[in-house]
1. Which order do peptides 60-69, 84-93, 21-30, 5-14 fall in by mean Cβ count within 10 Å, highest first?
2. So, in nm, how far is label Ala101 from label Thr25 when the simple model puts each one 7 Å beyond its Cα toward the Cβ?
3. Can you tell me how much longer the chain between Arg88 and Tyr56 gets when fully stretched, taken as 0.36 nm per residue apart minus their C-alpha distance, in nm with one decimal?
4. Once you place label points 7 Å from the Cα toward the Cβ at Val66 and Glu79, how far apart are they in nm?
Amino acid sequence: MSKTEIKNILVALDISGASKKGLDTAISLAKLYNAKITCVTILVVYPTLVSTVINYEKFLRGKADVMLDTTKKYCEKQEIEFGSKVLRGNPSTEITKFADAKKMDMIIIGAKGLGGIKGKLLGSVVNSVVHESKISVLVIK
């Protein structure tokens with residue numbers, strides 16, 4: 001049996017704690033496989049009044065840029081090669097399209113870890129990524 005080649009890991013980031021756990025797992029795997037981490041975050045903007053959408057998108061982009069800058073510094077301290085991209089649209093579609101286009105070896109995505117009835121099902125984004133992806137998806141809880 002040959003060793004699996006993991007050289008490019010895609011991490012889907014948001015502001016949840018599960019997302020941070022996913023990043024830490026990606027860093028561990030990147031160290032093990034000498035792989036590069038690319039983080040994506042998705043801006044989801046629903047059309048309403050044009051001026052409201054533009055301002056809201058700028059607000060979201062600012063938050064995303066700060067998060068990705070912090071993530072970059074965190075990875076660099078651990079000597080991990082890092083890249084990032086802010087995408088806009090449907091999260092699961094954008095994540096899987098980006099993974100395909102950039103020839104990623106694996107997607108790591110955090111589940112929110114909901115309890116009760118909601119906890120019996122994966123979140124809609126995670127569920128869609130798992131089903132749409134052509135590559136391995138590691139779901140972190």
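1. Numbers: 60-69: 14.7, 84-93: 16.5, 21-30: 19.3, 5-14: 21.1.
Per-residue mean Cβ counts within 10 Å order the peptides as 5-14, 21-30, 84-93, 60-69.
2. For Ala101 paired with Thr25, the spin-label model returns 2.5 nm.
3. Here the segment from Arg88 to Tyr56 would lengthen by 10.3 nm.
4. So the two model labels end up 3.2 nm from each other.
Read-outs: derived from the displayed coordinates by stated rules, not from any lab. Keep in mind that this is a model prediction, so the values were computed, not measured. We place every Cβ from the backbone using ideal geometry, glycine too, and count neighbours over all the protein chains shown.
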